[in-house]
1. Restricting the search to segment 361-385, which residues are farther than 30 Å from residue 301 by Cα and in a loop (DSSP other than H, G, I, E, B)?
2. Select, from 121, 114, 99, 110, the only residue that is surrounded by fewer than 19 Cβ atoms within 10 Å (Cβ to Cβ), in contact (Cβ under 8 Å) with a residue 40 or more places away in the chain and touching a Leu at 6+ places or on another chain (Cβ under 8 Å).
3. Name every residue in segment 19-51 that is in contact with an Asp or Glu (Cβ under 8 Å, 6 or more places away or on another chain), within 25 Å of residue 388 (Cβ to Cβ) and more than 16 Å from ligand 2 (Cβ to nearest atom), in order of residue number.
4. Taking residue 187 as meeting all but one of (1) closer than 26 Å to residue 100 by Cα; (2) of a type in the set (Val, Ile, Thr); (3) not in a strand (DSSP E or B), write down the number of the exception.
5. Among the listed residues 339, 267, which satisfies the condition of being among the charged types (D, E, K, R), within 13 Å of ligand 1 (Cβ to nearest atom), modelled with pLDDT of 95 or more and surrounded by fewer than 21 Cβ atoms within 10 Å (Cβ to Cβ)?
6. Counting residues that are of a type in the set (S, T, N, Q), which helices (runs of 4 or more DSSP H) fully inside segment 47-104 reach at least 1?
7. Mind checking whether some residue in segment 193-210 is within 16 Å of ligand 1 (Cβ to nearest atom), among the basic types (Lys, Arg) and touching a residue at least 60 places away in the same chain (Cβ under 8 Å)?
8. Every residue in segment 293-336 that is surrounded by 24 or more Cβ atoms within 10 Å (Cβ to Cβ) and polar (S, T, N, Q), please.
Amino acid sequence: MTRTQVGIIGAGPAGLFLAHLLAKQGIDSVILEGRSQDYVLGRVRAGVLEPSTVASMALLGLDGRLKREGIVDDGLDFRFRGRTVHMNLPELTGHRVVIYGQQEVVKDLIAARIDSGAPLIFGAEAVAIEDIAGRPAIIYVQDGVQKRLECDFVAACDGYHGIGRASIPADRITLHERQYGFAWLGVLSRSPPLPDMTYSNSDRGFALCSRRSWEVSRLYLQVGPEETPEEWPAARFWDELHHRMFDEDARAIVEGEIFQTDVAQLRAFIAEPMQHGRLFLAGDAAHIVPPTGAKGLNLAVGDARLLARALGHHYATGSSALLEGYSQACLDRVWKAVRFSTALTGLLHRMPGHTPFERALQLTELEYTAASPSAQKAIAEQYVGIGIQEPWMLTEAL
Ligand code: APR
Ligand code: PHB
């Protein structure tokens, strides 16, 4: 394989969605993935799919397992001062989300790509992108051998540490970054989850009870930036979670075998613009949002939709108008997601350095939210993606 229309670096959600959306329009692509298939399938990430992400799976005809195994979710709960604010998503927004792990999405997309016979090369690490402004080529290494893939366009869907963003000259790109000064310790536990997605703001810090299925809970605690999984043996984890979720008598949260633990720093990162010459960035390569609100996957899928549409338009009409507008179209959504995730992060976490005044304001904001259907609606609509994703992503077929 030495030439293709679109060379895609990375087989995460952004690269895989893009490849499928292009194939549906008759556009060829090659996906180069540095890691092995097992490694890619084993990565644990979030799992809240906005309706537009579910619609994207459906328009590719790849939503069979999602429909069978995904949990259609109507609720979003905030806890504070021992009370629960329950937000009913369909009543407030007309929409629901679906709980289905990013890992499962990736598994379905990889299986379909392999079935189609279209190229997806694992163990192929891109090391350089040549002639971005003219006739681009991706230089990659497979089994110790250097190879070259010529393409009309390069899509860097290669995550935060990829080479795509780094290939844009420093004076042509602006990088925005914020560290939040704390992390999330996440575990997977073999135990039935709470019935609703529950975020909690307690005096001891933030906690979140999410799930992957009715048998597997996904649970998070806010921890300091330097803390490690080793500092959180199971007994300490459960004790702290019960406290932070106002479940002191340990009746609501069921303890189970913890079979996976990780720590992720909270940060935001945005690269502007997301394109240079014939190189386009999508997903984590261009932006990271703090995890509160679970926007990362949905933004990556949105980028893939916009890029597939722009490339489709280019090949169908010869016009590069949509390609030229790609970055701005993405960044409009990305900044709205960063804004929402930052606001939710601020509402729900104990901030290092919070004064009693700021803590009182935060609790007052939660009191206001509890009492105001309008405030709840504003949160619920952004949680399901309204005002963030473009409306056509929900409905438009290719
Ligand atoms: N060559 C080939 N592949 C590469 C290279 C390289 N030089 N660098 C990185 N990759 C691969 C990684 O191994 C990874 O599989 O690119 C892929 C990027 O995938 P993701 O990190 O999953 O990023 P993306 O597709 O943008 O999905 C974003 O992932 O981190 C979460 O919250 C985030 O849910 C969001 C989603
Ligand atoms: C998850 O299920 O992993 C999850 C849910 C909600 C979030 C973040 C992560 O805000």
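The values are calculated or read from the model by the stated rules, or taken from the named source; none is laboratory data. All values derive from a computational prediction rather than experimental measurement. Every residue, glycine as well, gets a Cβ built from its backbone with ideal geometry; the counts of neighbours run over all protein chains shown.
1. Across segment 361-385, the qualifying residue is only 372.
2. 121
3. Residue satisfying the conditions is 22 alone.
4. Among (1) closer than 26 Å to residue 100 by Cα; (2) of a type in the set (Val, Ile, Thr); (3) not in a strand (DSSP E or B), residue 187 violates only (3).
5. The unique qualifying residue is 267.
6. Because the criterion is at least 1 residues that are of a type in the set (S, T, N, Q), the helices (runs of 4 or more DSSP H) in segment 47-104 that meet it are 51-59, 89-93.
7. No, segment 193-210 contains no residue that is within 16 Å of ligand 1 (Cβ to nearest atom), among the basic types (Lys, Arg) and touching a residue at least 60 places away in the same chain (Cβ under 8 Å).
8. Once the filter is applied, which keeps residues that are surrounded by 24 or more Cβ atoms within 10 Å (Cβ to Cβ) and polar (S, T, N, Q), segment 293-336 yields only 298.
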